[in-house]
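The values are calculated or read from the model by the stated rules, or taken from the named source; none is laboratory data. Keep in mind that what you see is a predicted model, and the values were worked out from it rather than measured. No Cβ is skipped: glycine too gets one built from the backbone with ideal geometry, and neighbour counts run over all protein chains shown.
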Amino acid sequence: MPQNPIAPKRPRSITQHGETRIDDYFWLRNREDPEVLKFLQAQMEYLENAMGHTKPLQEELFSEMKGRIKETDTTVPEKRGEYFYYERTEAGRQYPIFCRRKDSPEGREEILLDQNMLAEGKTFCSVSGFSVSPDGSKLAYSVDLEGDEVYTIYIKDIGKNELYPETIPNAYGSVYVRTGIEWTNDSGTIFYATLDDAKRPDRLHRHRIGTNPADDALIVQEDDETFSLYFSKTRDDAYIMTDHHSTLTTEVRYFSADRPEDEPRIVSPRRHGIEYYVAHHKGTFFILTNENARNFKLVKTMVLESDAAHWQEVLSHQPDVMLTGIDTFENFLVLYERRDGVNHIRVSALDGKSNVQYVQFPEPTYHFELTANHNFTTNLLRFKYSSLITPTSVVDFHMDTGKWELKKEDEVIGYDKSQYVCDLIHVTATDGKRIPISIAYRKDLKLDGSNPTLLHGYGAYGANLEPEFTPNRVSLLDRGFVYAIGHIRGSSALGRDWYDDGKVLKKKNSFTDFIACAEHLIDKGYTSKDKIAIMGVSAGGLLVTASMLMRPDLFRAVVAKVPFVDVINSLSDPTIPLTTQEYDEWGNPVNKEHYEYMLSYSPYDNIKLGNYPDLLMTAGYNDPRVPYWEPAKFAAKLTEYKTDNNLLLLKTNFHAGHAGSSGRYDLLKEVAFEYAFLIDRLTDAHHP
């Protein structure tokens with residue numbers, strides 16, 4: 001087999017805290033250098049050669065994953081005003097079609113936006129903001145055609161099926177959720193945020209439909225580079241709320257959705273380390289806050305007396321229950337909790353204490369995701385439910401009676417969930433902590449150490465890698481794989497302490513927890529060292545590469561997708577998007593103690609001579625979160641230091657960003673490639 005492409009060394013001296021480091025591959029940051037593209041393309045050619053024998057397997061996987069999807073399908077309609085809104089897909093087409101019907105779900109269909117038409121001739125297409133005006137006459141939406149998460153806003157007259165002449169560039173949006181546009185109640189004005197040079201949303205604007213965006217009013221600007229500015233409309237349509245958000249601190253402002261010219265008022269001024277989240281109900285703010293409450297408590301206050309001095313406690317702090325979210329409806333208060341590593345929904349009367357009931361979920365480990373729930377006066381709470389083996393289901397929970405009403409379960413063609421098991425198990429960490437692991441496998445599995453296993457992890461920002469369903473994973477389970485998620489420190493699986501115990505100067509707990517999860521799966525006979533692979537995305541890519549460097553003997557294969565591996569260099573460069581907001585998570589290299597600790601685990605800085613598992617890394621050439629050069633530099637340096645003949649693959653998507661391909665079939669091809677790599681490395685299909 002040909003050898004990995006070798007990148008030329010161009011030594012660069014970097015001095016910090018009186019210590020000089022040599023970075024031989026710093027030059028790979030310069031995308032204007034033709035040698036950079038040459039190196040990335042050479043890596044792709046090597047990858048194609050090394051994985052060429054798996055092409056039939058990739059095609060087989062793509063075909064069976066595609067075959068499980070009901071390609072022509074429709075989401076459950078949601079009523080907003082006079083209309084029922086839904087999305088549908090058509091066989092052979094990559095993207096959804098956004099539609100509505102008037103008066104009933106059986107009315108005449110009206111197509112609002114066909115994303116397939118937007119994507120014609122494009123290699124990437126993401127729609128973020130998608131917002132119909134309250135009177136139903138206009139649509140505002142935002143589009144990113146590069147994958148760099150910089151969106152352009154368009155406004156459409158629905159009745160005329162025509163676009164207004166103005167467009168708004170450099171708008172905030174997200175490739176993960178539809179967000180970034182809100183309307184005034186008179187349907188004449190939209191609100192949007194724009195990005196600074198580091199692609200941080202920092203300014204909220206007001207645009208009157210039909211006018212020149214150059215004349216748009218600036219409502220509020222966030223000058224602190226450690227904060228990002230987000231915004232949303234309250235469910236009762238009373239206010240536009242701004243969320244000024246850093247890792248450890250929040251501040252919320254509000255102004256009337258009827259009087260957009262009003263000056264935004266601060267709910268309570270920011271105080272370092274104090275977070276709070278606000279829901280409105282008829283002149284009252286219900287607030288979740290961590291002030292003297294690590295796992296958050298519930299307070300309330302009148303809108304006109306919103307400062308923290310006026311907050312009245314409704315529900316006190318609980319050391320074993322973390323409050324993660326809040327929703328208000330006309331007659332109900334809904335809280336979202338995380339307890340023992342599992343999410344729960346708590347419904348009560350508006351006093352927070354009477355008529356309390358919990359949604360009863362049918363499995364030991366699962367995931368739910370709230371839908372928009374636009375209707376303030378409803379008795380229904382709609383959410384999507386799934387588990388590692390249960391397909392995604394849309395559920396209407398009747399908050400008055402406790403009834404669970406299944407509206408739709410996704411059809412997964414040829415899949416029988418009764419043939420599989422999902423469970424929540426625990427492993428003891430090196431310091432005695434109990435780590436939850438969500439796990440799934442076929443019922444006929446034998447615990448004889450022979451099963452290929454994929455251990456998935458993230459462990460950062462307090463975010464939780466949820467045990468949700470994907471039909472693609474069936475392709476692994478049906479080939480005898482065990483799939484597991486380690487709910488390690490750095491997440492909030494067991495509350496805020498669990499998060500704090502895996503960040504800054506305790507970050508290595510995430511890695512040792514993950515290693516303990518792998519050792520447990522081996523010790524209990526699920527798998528063996530020759531059969532286990534680990535996978536992580538972004539900060540999860542840091543997790544798996546750091547774990548690999550700490551214990552290269554423990555894993556057979558590693559998949560690190562858009563991995564954050566160049567910790568010291570990236571956090572020392574405030575021009576990289578998001579960097580200034582990262583210091584509370586990882587530390588600031590200006591601080592000598594932080595610098596030395598990060599240097600002790602930063603994957604790029606800890607590569608040493610030795611043997612390493614098979615490794616697949618992915619990169620997005622337009623990625624604003626983890627720049628392409630991080631995995632590129634890691635690949636270049638590891639090629640220099642590795643002493644084995646195992647695979648080292650770098651797969652760069654030259655037309656996308658952090659989330660990979662946007663089209664559903666293109667995304668399936670990416671998954672098919674990753675699964676082919678795992679199957680090839682971990683099973684009898686392996687080719688040396």
Tell me which strands (runs of 3 or more DSSP E) are completely within the stretch 471-566 and hold 1 or more residues being touching a residue at least 12 places away in the same chain (Cβ under 8 Å), closer than 20 Å to Asp605 by Cβ and in contact with a strand residue (DSSP E or B) (Cβ under 9 Å, 6 or more places away or on another chain), or say none if there are none. 532-537, 557-561
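Can you tell me which residue is nearest to Val267 (Cα to Cα) among those in the stretch 204-242 that are charged (D, E, K, R) and under 23 Å from the mean Cα position of the chain (by Cα)?
Narrowing the stretch 204-242 to residues charged (D, E, K, R): 206, 208, 215-216, 222-225, 233, 235-237.
With under 23 Å from the mean Cα position of the chain (by Cα) added as a condition, the list becomes 225, 233.
Working: Glu225: 21, Lys233: 15 Å.
The qualifying residue nearest to Val267 (Cα to Cα) is Lys233.
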Here are some residues: Lys561, Lys507, Lys524. Which one is basic (Lys, Arg), over 22 Å from the mean Cα position of the chain (by Cα) and at pLDDT 95 or above? Lys524
Single condition Ser438 does not satisfy, out of (1) of a type in the set (S, T, N, Q); (2) part of a strand (DSSP E or B); (3) farther than 22 Å from Leu521 by Cα: (3)
Inside the stretch 236-275, can you point out the residues that are in contact (Cβ under 8 Å) with a residue 60 or more places away in the chain and hydroxyl-bearing (Ser, Thr, Tyr)? Ser246, Thr247
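Restricting attention to helices (runs of 4 or more DSSP H) lying wholly within the stretch 580-688, give those where 2 or more residues are surrounded by fewer than 21 Cβ atoms within 10 Å (Cβ to Cβ) and among the aromatic types (Phe, Trp, Tyr). Before you say what the answer is, go through the steps one by one.
On the way: elements: 583-586, 592-601, 629-641, 664-682.
Passing ranges, in order: 592-601.
Kindly indicate the residue of the stretch 290-330 that is of a type in the set (S, T, N, Q) and not in a loop (DSSP other than H, G, I, E, B) and also nearest to Ala349 (Cα to Cα) among those meeting that condition. Steps first, answer last, please.
Residues of the stretch 290-330 of a type in the set (S, T, N, Q): 290, 292, 295, 301, 306, 312, 316, 318, 324, 328.
Restricting the remaining residues to those that are not in a loop (DSSP other than H, G, I, E, B) gives 301, 312, 318, 324, 328.
On the way: Thr301: 17, Gln312: 17, Gln318: 20, Thr324: 19, Thr328: 10 Å.
For the stretch 290-330, the residue satisfying everything is Thr328.
Is it the case, given these coordinates, that Ser510 is on the phi > 0 side of the Ramachandran plot and hydroxyl-bearing (Ser, Thr, Tyr)? Walk me through how you get there before you give the answer.
Details: on the phi > 0 side of the Ramachandran plot: no; hydroxyl-bearing (Ser, Thr, Tyr): yes.
For Ser510, the condition - on the phi > 0 side of the Ramachandran plot and hydroxyl-bearing (Ser, Thr, Tyr) - is not met.
A quick yes/no check of all residues on (1) out of contact with any Cys (no Cβ under 9 Å at 6 or more places or on another chain); (2) closer than 22 Å to Gln318 by Cβ:
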{"residue": "Gly341", "(1), (2)": "yes, yes"}
{"residue": "Arg346", "(1), (2)": "yes, yes"}
{"residue": "Glu369", "(1), (2)": "yes, no"}
{"residue": "His374", "(1), (2)": "yes, no"}
{"residue": "Ser387", "(1), (2)": "no, no"}
{"residue": "Thr390", "(1), (2)": "no, no"}
{"residue": "Gly402", "(1), (2)": "yes, no"}
{"residue": "Leu406", "(1), (2)": "yes, no"}
Is it fair to say Asp327 is within 28 Å of the chain's Cα centre (by Cα) and not β-branched (Val, Ile, Thr)? yes
Selection over the stretch 309-335 where residues are crowded, with 18+ Cβ neighbours inside 10 Å and either basic (Lys, Arg) or within 25 Å of Ala484 (Cα to Cα) (or both) yields a count of 3
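Hey, among the residues in the stretch 141-166 that are surrounded by 15 or more Cβ atoms within 10 Å (Cβ to Cβ) and more than 24 Å from the chain's Cα centre (by Cα), which one's farthest from Pro201 (Cα to Cα)?
Quick first cut of the stretch 141-166, residues surrounded by 15 or more Cβ atoms within 10 Å (Cβ to Cβ) only: 141-156, 158, 164, 166.
Within this subset, residues satisfying the condition of being more than 24 Å from the chain's Cα centre (by Cα) are 154-156, 158, 164, 166.
Working: Tyr154: 18, Ile155: 21, Lys156: 24, Ile158: 29, Tyr164: 25, Glu166: 21 Å.
The residue in question is Ile158.
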Asp566 vs (1) more than 13 Å from Leu542 (Cα to Cα); (2) buried (at least 23 other Cβ atoms within 10 Å of the Cβ); (3) of a type in the set (D, E, K, R): all pass except (1)
Specify which of the listed residues (Glu64, Glu32) is surrounded by 13 or more Cβ atoms within 10 Å (Cβ to Cβ), farther than 30 Å from Glu596 by Cβ and either modelled with pLDDT of 95 or more or out of contact with any strand residue (DSSP E or B) (no Cβ under 7 Å at 6 or more places or on another chain) (or both). Glu64
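Of everything in the stretch 169-195, what is among the acidic types (Asp, Glu) and buried (at least 17 other Cβ atoms within 10 Å of the Cβ)? Give them in sequence order.
Looking only at the stretch 169-195, we keep the residues that are among the acidic types (Asp, Glu), and these are 182, 186.
Result: Glu182, single match.
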Go through the stretch 17-29 and give me each residue that's touching a residue at least 40 places away in the same chain (Cβ under 8 Å), touching a Leu at 6+ places or on another chain (Cβ under 9 Å) and surrounded by fewer than 16 Cβ atoms within 10 Å (Cβ to Cβ). Arg21
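Can you name every one of the strands (runs of 3 or more DSSP E) wholly within the stretch 380-429 that holds 2 or more residues which are modelled with pLDDT of 95 or more, farther than 27 Å from Ser475 by Cα and under 26 Å from the mean Cα position of the chain (by Cα)?
Numbers: elements: 380-386, 393-398, 404-409, 420-428.
Result: 380-386, 393-398.
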Give the stretch 161-216 a look and list any residue that's assigned to a strand (DSSP E or B), polar (S, T, N, Q) and in contact (Cβ under 8 Å) with a residue 40 or more places away in the chain, or say none. Thr167, Thr189
